[in-house]
Amino acid sequence: MYPWLKVFHNRLQDSFSQQRFHHAQLFHGLEGVGKSSLVSELAESLLCNNTQAELIRCGSCKSCNLLKAQSHPDLFLLTAEQNSIGVDDIRSLNDFIFHSAQQGGNKVVVIEQIEKMTESAANALLKTLEEPASKRYILMTCNDVSKIKATILSRCNKVQVNIGDTYHIAPWLGQLGIDVSVHPWTELFYDQPLLLERWLKLGIMNEVDNLWKVAHDIVRISDIAALDNELNKDPSLLSVFSRFLMSAAKQRVMNGQLGFVQYQHCVTSIEQFLSDHHQVLGINRALSLSKLIFGLQRAMKQD
Ligand SMILES: [Zn+2]
């Protein structure tokens, strides 16, 4: 388990031992903080045949072996592989909960990114949450809790997953082989360390380095197509680039290269760009990217 998740696991462990473990748990926090990892750890422990008062899987029982083979019949996994989680997905989840457990123990539902539920899916889930059934657990994750209906929130135990103290992140990254002194931007992601792990696995650390350089040299950028191409390599890179741009603009203010009004223009353009991408499906990205870049250049050249 990731070292910063232990404190959350311990707390849940306590509530489990004291039989206060809520049937519906919502884990929220930034992308890359480890919510999914914590949830799958919990799901596996809840399904293990040898879990008694301790919420720890044994790793060798029939259930644990089924989990390793990714074929446990009492685990239902719902991820928003498409852009949304629809009402049919929630209906099949309800069917799953209703039928008895094939292994005779608990049944566990995992829903990733519940903010992607449609309105009718959320209503269908609400009914399920209102009628808790014995030995049924619903574990959910979400990156943005503000997008979740209050009626749903009020029926879950909410756990905000975060890093807490960041002092152990640099050594942890070091173990992965990421030298934080080589990549000056790593500190910006100490609260989302699994993003770094993912970029390392995808082999795109150089691309992120390059986005950092581009963000700091935005006045001279003209090849929008190349930049767009780079941003295409992972869905997380769009918000990363925006974060780099924010950081670079702040830097210019501190160096006296950018006035406050111009800085505000920059912030507005970056926020607009981000919200367009989160809200408008099928947006022409190259176009909105050039709008952003030219907007920033205009603001910076006015100084
Ligand atoms: Zn087991």
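The values are calculated or read from the model by the stated rules, or taken from the named source; none is laboratory data. In this text, all values refer to a predicted model and were calculated from it rather than measured experimentally. Every residue, glycine as well, gets a Cβ built from its backbone with ideal geometry; the counts of neighbours run over all protein chains shown. For accessibility, only protein heavy atoms count, side chains too; no ligands or nucleic acids. Shrake-Rupley method; radii C 1.70, N 1.55, O 1.52, S 1.80 Å.
With the chain treated as a Gaussian network of Cα nodes joined by springs under 10 Å, which of Leu287, Leu245, Leu67 yields the largest mean-square fluctuation? Residue with maximal mean-square fluctuation among Leu287, Leu245, Leu67: Leu287. Our analysis of the stretch 66-123 gives Rg over Rh at 1.01, with the two radii drawn from alpha carbon positions and Rh computed by the Kirkwood formula. For the stretch 98-214, a simple Cβ point-charge model (Lys and Arg +1, Asp and Glu -1, everything else neutral) yields a dipole of about 640 debye relative to the Cα centre. Once the Kirkwood radius over Cα pairs is known for the stretch 3-160, the Stokes-Einstein relation at 4 °C and 1.567 mPa s delivers a diffusion coefficient of 82 µm²/s. A simple count of charges around Glu130, restricted to other residues whose Cβ falls under 14 Å of its Cβ and scoring Lys, Arg +1 and Asp, Glu -1, yields +3. Shown is the FRET efficiency for Lys213 and Lys233, computed with R0 = 22 Å from the Cβ-Cβ distance and rounded to the nearest 0.05: 0.90. Residues considered: Ala170, Ala69, Ala122. Largest GNM mean-square fluctuation over the chain, using C-alpha springs under 10 Å, is found at Ala69. Note the angle between two axes, namely the Cα long axis of helix 237-254 and the longest principal axis of the Cα atoms of the chain, as a number of degrees from 0 to 90, rounded to the nearest 10. With rounding to tens, the tilt is 50 degrees.
Surface exposure of the stretch 204-301, expressed per residue as accessible area with a 1.4 Å probe, stands at 53 Å². Annotation: amide H of Ile111 within the under-5 Å range of Leu78, Leu139, Met140, Thr141, sequence separation 5 or more or interchain, hydrogens built in the peptide plane. In the chain the Cα-Cα distances spread across 20 Å bins starting at 0 as 28, 51, 20, 1 percent of all pairs.
All Cα-Cα distances of the stretch 128-250, cut into 5 Å bins from zero to the largest, leave 2, 8, 17, 16, 14, 12, 10, 9, 6, 3, 1, 0, 0 percent in each bin in turn.
Computed over the chain, the per-residue total of -39500 (n - 2.57) for DSSP H runs of n ≥ 4 gives a 222 nm mean residue ellipticity of -15500 deg cm²/dmol, rounded to 500. The C-alpha atoms of the stretch 204-301 occupy a region whose extents along the principal axes are 36, 29, 20 Å, arranged from largest to smallest.
GNM remark for the chain: springs join alpha carbons under 10 Å apart, and the peak mean-square fluctuation among Val110, Val145, Val253 falls on Val253.
Here the accessible area of the chain is 49 percent carbon and sulfur, with a 1.4 angstrom probe and all protein chains present.
Ranked by the mean number of other Cβ atoms within 10 Å of their residues, highest first, the peptides 176-188, 199-211 come out as 199-211, 176-188. Its Cα centre serving as origin, the chain has a Cβ charge dipole (Lys and Arg +1, Asp and Glu -1) of approximately 380 debye.
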